[in-house]
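The values are calculated or read from the model by the stated rules, or taken from the named source; none is laboratory data. These numbers come from a predicted model, not from an experiment. Positions of Cβ are backbone-derived with ideal geometry, glycine not excepted, and every protein chain shown enters the neighbour counts.
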Amino acid sequence: MPSRLHRPLTAGAAVLVLAASVTACGSSAADPNAKEITVYSADGLKSEQGDGFYDKVFKDFEKQTGIKVNYVESGSGAAVQRLARERTNTKADVLVTLPPFIQQADGKGLLDIYRPRGAEHIAAADQDPNGKWVSIVNNYFCFIYNKKELKQPPATWQDLTDHRFAGKLQYSTPGVAGDGTAVLIKALHDFGGQGPAMDFLKKLQANNVGPSSSTGQLAPKTDKGELLVANGDVQMNYANMKSMPNQGIFFPAAKPGARPATFALPYAAGLVKNAPHAANARKFLDYLLSKPVQEEVSAVGGGFSARRDVKATDPNAVALAKIMKGVDVFQPDWNDIDKNLDTYIEAWKTATGS
């Protein structure tokens with residue numbers, strides 16, 4: 001299992017971005033024949049130790065094709081915001097982010113149509129019907145807790161409001177981080193709508209440490225006991241358990257007696273519109289969905305393969321199946337969330353005073 005610490009990488013350490021001028025038509029003047037691509041991605045798949053899923057994928061892709069992958073990491077919402085700011089001088093070739101931000105990128109006209117080879121093996125719910133994006137690693141929203149300090153994880157949302165979690169609970173910021181937005185989505189589902197969800201999150205704010213732009217920063221704090229509870233996702237938190245053994249994964253139920261529940265939160269990839277290296281980007285997307293790479297998703301990345309024809313049996317896959325046993329998985333209405341996300345975020349800010 002890979003040992004990983006998920007923190008935002010500095011731009012200087014993580015990426016080499018080509019200097020590009022703006023042409024008269026508003027597109028990048030980068031050399032389209034350069035043997036490179038730039039990927040803007042949400043955190044979670046790359047390791048500071050160099051043994052994560054992206055680390056192997058980027059290295060193997062360059063070895064096979066000669067195409068270098070330049071990498072920029074941020075929160076899911078921040079990646080889309082940066083792409084939008086650069087619309088007239090596009091630097092990125094591929095965007096990888098979580099729902100609902102991949103839908104948001106599409107809605108802003110930031111993605112181009114490309115259906116990678118292998119997409120026929122991806123479930124319809126895990127790709128855009130118009131070919132704008134496709135899931136490359138399946139994943140699920142979760143919470144984490146410090147196993148050393150807590151004998152059992154909190155069973156329900158209501159348990160999180162207990163005074164023992166005051167100043168010891170933190171979740172990443174909705175609208176900025178994908179997993180933070182997932183907290184909001186699960187609350188909307190579990191409490192039955194915006195009103196009751198915001199009422200609860202207002203109450204929970206008494207225990208909340210405060211904003212965090214990156215979910216990955218919360219895992220080491222939870223492992224050290226600085227936090228007792230934080231949000232996360234199964235792939236990221238499972239993958240870093242070797243280096244952070246005190247964290248455990250759990251899924252709070254909507255109410256006492258209810259089954260724990262979560263929803264799929266896949267890493268989804270799309271070709272950026274006006275990508276300066278579009279041909280290379282298409283090759284990269286094909287590579288991500290190739291069966292040999294998808295067979296490494298659990299063994300190397302600690303995640304779930306996006307391809308339905310890949311049946312992983314490695315130790316990580318077995319452990320991941322055990323984590324998900326007995327957990328109900330619901331399907332969010334992504335169209336509704338994409339349409340009303342700004343409204344939900346503003347309601348959350350009002351309720352929590354953020």
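The table below gives the values:
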{"quantity": "Filter result for the condition that a residue is in contact with a helix residue (DSSP H, G or I) (Cβ under 6 Å, 6 or more places away or on another chain) and on the phi < 0 side of the Ramachandran plot, over V96, V69, V39", "calculated": "V69"}
{"quantity": "Failed item, numbered, when I185 is tested on (1) buried (at least 19 other Cβ atoms within 10 Å of the Cβ); (2) more than 30 Å from D309 (Cα to Cα); (3) modelled with pLDDT of 95 or more", "calculated": "(2)"}
{"quantity": "Those residues of region 108-121 which are over 20 Å from R307 (Cα atoms) and either in contact with an Asp or Glu (Cβ under 6 Å, 6 or more places away or on another chain) or surrounded by 15 or more Cβ atoms within 10 Å (Cβ to Cβ) (or both), in sequence order", "calculated": "L110, L111, D112"}
{"quantity": "Residue that is of a type outside the set (D, E, K, R), surrounded by fewer than 23 Cβ atoms within 10 Å (Cβ to Cβ) and not assigned by TED's automatic domain parsing to the domain that holds Y344, where the choices are A84, A92", "calculated": "A84"}
{"quantity": "I144 crowded, with 22+ Cβ neighbours inside 10 Å and either in contact with a Cys (Cβ under 8 Å, 6 or more places away or on another chain) or over 30 Å from A281 (Cβ atoms) (or both)", "calculated": "yes"}
{"quantity": "Residues of region 61-86 classified as out of contact with any Lys or Arg (no Cβ under 6 Å at 6 or more places or on another chain) and either free of Cβ contacts under 8 Å to residues at least 60 places away in the same chain or of a type in the set (G, A, S) (or both), total", "calculated": "14"}
{"quantity": "Count of residues meeting criterion [assigned to a loop (DSSP other than H, G, I, E, B), within 17 Å of the chain's Cα centre (by Cα) and polar (S, T, N, Q)] in region 225-268", "calculated": "1"}
{"quantity": "Pairs with Cβ under 7 Å, 6+ apart, first in region 200-220 and surrounded by fewer than 17 Cβ atoms within 10 Å (Cβ to Cβ), second part of a helix (DSSP H, G or I) and at pLDDT 95 or above", "calculated": "K202/A351; K202/T352; K203/T161; Q205/T352"}
{"quantity": "Of all residues making up region 143-177, the number that are more than 11 Å from G248 (Cβ to Cβ) and free of Cβ contacts under 8 Å to residues at least 60 places away in the same chain", "calculated": "5"}
{"quantity": "Identity of the residue in region 67-90, over 18 Å from the mean Cα position of the chain (by Cα) and part of a loop (DSSP other than H, G, I, E, B), that ends up farthest from K339 (Cα to Cα)", "calculated": "I67"}
{"quantity": "Condition met for G225 (within 30 Å of P129 (Cβ to Cβ) and small (G, A, S))", "calculated": "no"}
{"quantity": "Given (1) surrounded by fewer than 22 Cβ atoms within 10 Å (Cβ to Cβ); (2) at pLDDT below 95; (3) closer than 24 Å to G326 by Cβ, number of the condition D162 does not satisfy", "calculated": "(2)"}
